[in-house]
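The values are calculated or read from the model by the stated rules, or taken from the named source; none is laboratory data. If you're wondering where the values come from, they're calculated on a predicted model, not measured in any experiment. Because the Cβ atoms are built from the backbone with ideal geometry, glycine has one as well, and the counts that use them run over all protein chains shown.
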Amino acid sequence: MKLFERYLTVWVFLAIVTGVILGSNFSAVFEAIASLEFAHVNIVVAVLIWVMIYPMMIEIDFSSLKEVGNNP
């Protein structure tokens, strides 16, 4: 396993702690982001979910991306 995969639990924990700290210190920014809604759906969350799911929908092989420059 690679470094990211091996320590995935640590990265998730650090992301949660970072989110809590940022939310506590910059609550006005996150309230503004939370107010960006359309039809009771948060726009930022919808975009981030789309960015996460779209590559799986079109079946991108991320391991082959490093070879794109060699054979465009």
Check your understanding: Is it the case that some residue within segment 3-11 is loosely packed, with under 10 Cβ neighbours inside 10 Å, part of a loop (DSSP other than H, G, I, E, B) and β-branched (Val, Ile, Thr)?
Key -> no
Exercise for review: Note down all Cβ pairs under 9 Å where the first residue falls in segment 48-61 and is more than 23 Å from Ala34 (Cα to Cα), the second is of a type in the set (A, V, I, L, M, F, W, C) and assigned to a helix (DSSP H, G or I), and they're at least six residues apart or on different chains.
Suggested key: Pro55/Phe62
Revision key, fill the gap. The condition of being in contact with a helix residue (DSSP H, G or I) (Cβ under 9 Å, 6 or more places away or on another chain), modelled with pLDDT of 90 or more and of a type in the set (Phe, Trp, Tyr) holds, among Phe26, Phe4, Phe38, Phe62, only for Phe38
Check your understanding: Going by the structure shown, is Phe30 touching a Gly at 6+ places or on another chain (Cβ under 9 Å) and either surrounded by 11 or more Cβ atoms within 10 Å (Cβ to Cβ) or not in a loop (DSSP other than H, G, I, E, B) (or both)?
Key -> yes
